[in-house]
Structures are given as structure tokens and as C-alpha cells.
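Encoded as C-alpha cells, the structure appears first; notes follow it.
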Amino acid sequence: MRDCIILIGFMGAGKTSVGQALASLKQLPLLDTDQMIEQEAGMTISKIFAGQGEAAFRAAEAAVLRRLLDEEGSAVISTGGGLPLDEGNQATLRQLGDVVFLRVKPETVLMRLEGDTTRPLLQGDDAEKKVHSLLAFRNPIYQSAADVAVDVDGRTVGGLAEEITRRIAEVQR
Ligand code: S3P
């Protein structure tokens, strides 16, 4: 695939819901790397983490992403929050198209993911501390992996989809 719009950013930033709005606006299919991994493995991400460990999940994530390069056409691609941390993945993302960083505040993440049991990295005590420290580490990486960064807090998915379309057109000029 080429000329895709790829959404990166932290858990709870809205990559899937903004991806849906963007896909319908641009009349493109929506692909979701987490969903592709779950489908292939025949189990949830939580089960992969619990049974095979995070490293196995990261290997599956890199493999799914690389395979997209060999497919035809283009798409909106929603990625798992840890995918852009790997340098090889960053290079693949750039080949696939325009990379958009959905930047989110820690308090928005905590509000949106309260009670969530599907994110292994945020389970257990002190989710607040985990979100703050993971965001502090990851935000500069997301920023440098992206062509465009958009703040999502307090915005609607439709408004974000329109802004992303406009901002991508600006960087392509
Ligand atoms: C992860 C984010 C999750 C999923 C996995 C690990 C991360 O995806 O890939 O739980 O490392 O941030 P979402 O960003 O869609 O929640």
C-alpha cells in the first residue's frame, strides 16, 4: 500500500474512532493493526501478552505492518499505541503514507480508559502514574515519527477528520 493516512498516538487518543470518520470522509477502507493481529492470532491482545509476552506481540505488530507494504491500494490505517516506538516500524510508516499524530492529554486518556481491561500496559495499580510516564517517554517519539500532529482533547471525531484532511493537503503542497 502507498498514499495511506496512518494514525499514531497513545491508547485512548481516538485512533480507531477518528480513523472511521476519516475513512468515510476520504472513501477509503479502514485497517486497524491491533485487529489484524487479533484476527491472525485468533485471540485478544490481552491473551497474547499474557501467554506469549509483549515481545511476541511486538514481533506480530512489525510483521503485520511490513505486510501492508506489499498490498495494493491505499487506506486509513489505525495503529496500536506502541507501534511507532520501533525504528523499523517508523521507516515502514513513512513508506506507507502520511503519518498523523493524535496528541492527547493524560487526563483525557484516564477519563476515556477508566475501567478498561483490554490494555495490558495499563492494568494493575496506579494507572495514572503509568499513563503519565508512558506519555512523557512516547510523545517526543510520536512527534518525530509524524508528518502532522493534531490535539484531540475536547474535539469531535468529524472535526478532527476534516482538520487532518486539510493539514495533510498543506504538507503535501
Ligand atoms: C499498546 C496499545 C494498544 C495495543 C497494545 C499495546 C501500547 O493499542 O496495541 O495494548 O503499547 O500503547 P491502542 O493504542 O489501540 O489502545
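Read the figures in this text as sums done on the coordinates, not as results from a lab. Everything numeric here is computed off the predicted structure, so don't read it as measured data. Ideal geometry is used to build each Cβ from the backbone, glycine not excepted, and the neighbour counts take in all protein chains shown.
For this structure, a couple of remarks:
- When the convex hull of its Cα atoms is viewed from all sides, segment 1-90 shows a mean projected area of 5.7 nm².
- Across Met36, Met11, Met111, mean-square fluctuation computed from a Gaussian network of the chain (C-alpha pairs under 10 Å connected) peaks at Met111.
- Taking every DSSP bridge with both residues inside the chain, close to 0 percent are antiparallel.
- Calculated FRET value between Glu114 and Gln172, using beta carbons and R₀ = 45 Å, to 0.05: 0.75
- Within segment 41-70, backbone nitrogen closer than 18 Å to the virtual label 7 Å beyond the Cα of Ala91 toward Cβ: 59-70
- Averaging 1/r over each pair of different alpha-carbon atoms in the chain and inverting the result gives 16.3 Å, the Kirkwood hydrodynamic radius.
- Its Cα centre serving as origin, the chain has a Cβ charge dipole (Lys and Arg +1, Asp and Glu -1) of approximately 240 debye.
- The 3J(HN,Hα) values that the Karplus relation (6.51, -1.76, 1.60; θ = phi - 60°) gives for segment 149-155 are, in residue order, 10, 10, 7, 9, 4, x, 9 Hz. Gly and Pro appear as x.
- Helical content of the chain, expressed as a calculated mean residue ellipticity at 222 nm, amounts to -17000 deg cm²/dmol (DSSP H runs of 4 or more residues, -39,500 (n - 2.57) each, divided by residue number, nearest 500).
- Normalised per residue, the volume of the convex hull around the Cα set of segment 68-107 (Å³): 81 Å³
- For Ala149, distant residues with modelled amide H under 5 Å away: Phe101
- Stretch in the chain that is longest and holds no GluC sites (Glu not before Pro) that DSSP places in a loop and that have at most 10 other beta carbons within 10 Å: 1-71
- Backbone amide hydrogens, once placed in the peptide plane, bring Ile77 within less than 5 Å of Ile5, Ile6, Leu7, Leu31, excluding anything fewer than 5 places away on its chain.
- Estimated Rh, segment 101-173: Kirkwood, alpha-carbon pairs, angstrom: 13.8 Å
- Estimated vicinal HN-Hα couplings, Hz - segment 104-112 in sequence order (Karplus 6.51, -1.76, 1.60; Gly, Pro = x): 10, 7, x, 5, 5, 4, 5, 5, 5
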